[in-house]
Amino acid sequence: MTESATIDAAALPGGATGISAFIARWQGSSASERSNYQLFLIELCEALHLPRPEPATGEGERDLYVFERPVQFRNPDGSATPGFIDLYRHGSFVLETKQGSEAKRERALLEEAGLRSSRRRRGHGVRGTDSWDAAMLRARGQAEQYAKALPEWPPFLVVIDVGHSIETWADFTGAGKYYAQFPDAAGFRMLLPELANEAARERLRGIWLDPLSLDPSRHAARVTREIARRLALLGRSLEAAGHNPERVALFLMRSLFTMFAEDVGLLRKDGYRELLRGLRGRPQSFAPMMRSLWSSMDRGGFSPELGEDILRFNGGLFEDTDAIALDAGQLDLLIDAAEADWSAVEPAIFGTLLEQALTKREREQLGAHYTPRLYVERLVLPTVIEPLRSDWEAVKAAAV
């Protein structure tokens, strides 16, 4: 290959230069989204090495990744109203676009520089204002209505302000009843310059190509199984040493909750881990230290073990501060479990742990039966989550 024919990989659409050029090209655009959105999404796909949308055939069963995918809204009187999804990808998302405009001062500077026409349409509200927030909220509601009109519920809703931001909402249950901000309330809105971050680009690629891989419960399930395996070894070791299964189960549950409380910020970060690590070589100190710590958690106030004031953990779990004496090997198993990220652990670990640590006969004696996550969701979503969400949507609509 001659020098003149050499390809600079960084300058390709998905390379660093390509991403920078894409951001610079679109940042600050403002007009009708109909003028821009298809070109923006095509170039976004190219920048992320994603397949382009396909030509539409007009046949719903074949149009699995298309612009302007038609849907029919069923009205109470039996009639139907047509609608069109801006971009639809089967099994992945419904995508709705809007386009806001710059603030007045920024717009004036661009117009003076000849980069914006003073007669240009402004779009759906000035970005960062109440009217823009209201437009984005309406777009999210519109995307959900489109999803409802489809044969299946996609795991993601995506709302884009062309050239400015990308918002993502997820419901991995397949029920379409609780599309929540994804990955969380702080990070669901990605501003265009954030595409320079590789993690942000990979998240969008996942939404396009393998949306269910982003389901946090899958990661939590893997972490849960591994931790449960380690603690089950500890449980069996304690039972083999002659400790009653019920005592072992309650001891492990107090230990589990302490690890979880540390990783979600209810206890000082690494405080419990450091306490356990400091007991290596002197396991005889473990039981009295745990009894003292759990007594402090039960009543709240100053904890000598952590060297600071801690919250009061009511609910009765720490009323009994019984701690089992551990040998060096058993202490190492507990430390290994504590090193995991407990904020990513499923609450179902309590049931999983009991299933792995106890025999069937022992579980029957304790009444220890694990209720799978799916059954819990079937109960909790319609009876608790959906009514709360309905109330919350009404509050947001009233605020807007």
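The values are calculated or read from the model by the stated rules, or taken from the named source; none is laboratory data. Note that this is a predicted model, so its numbers are computed, not measured. When we count neighbours, we look across all protein chains shown, and the Cβ atoms used for this are built from the backbone with ideal geometry, even at glycine. Note: accessible area is taken over every heavy atom of the protein model, side chains too, but ligands, DNA and RNA are not part of it. Shrake-Rupley method; radii C 1.70, N 1.55, O 1.52, S 1.80 Å.
Overview of values
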quantity: FRET efficiency estimate (nearest 0.05) - Cβ-Cβ, Asn314 to Arg138, R0 41 angstrom; calculated: 0.45
quantity: Over segment 230-334: Kirkwood hydrodynamic radius from C-alpha pairwise inverse distances, Å; calculated: 13.9
quantity: Debye-sum result for segment 39-82 in log10 I(q)/I(0), which assumes one identical scatterer on each alpha carbon, at q = 0.27, 0.28, 0.31, 0.33 Å⁻¹; calculated: -0.93, -0.95, -1.02, -1.07
quantity: Rounded Å value of the spacing that divides the Cα centres of segment 315-339 and segment 135-202; calculated: 42
quantity: Where N is the number of residues in segment 187-286, Cα Rg divided by 2.2 N^0.38 Å; calculated: 1.57
quantity: Segment 148-234: equivalent-ellipsoid semi-axes (sqrt of 5 x gyration tensor eigenvalues, Cα, Å); calculated: 28, 18, 10
quantity: Contour minus Cα-Cα distance for Leu64 and Ala199 (0.36 nm per residue); calculated: 45.9 nm
quantity: Thr168 accessible area, 1.4 Å probe, all protein chains in place, Å² to nearest 10; calculated: 10
quantity: Mean Cα-pair separation over length for segment 160-272, i.e. relative contact order, pairs under 8 Å, 6 or more apart, %; calculated: 13
quantity: Contour minus Cα-Cα distance for Ala56 and Asp322 (0.36 nm per residue); calculated: 89.1 nm
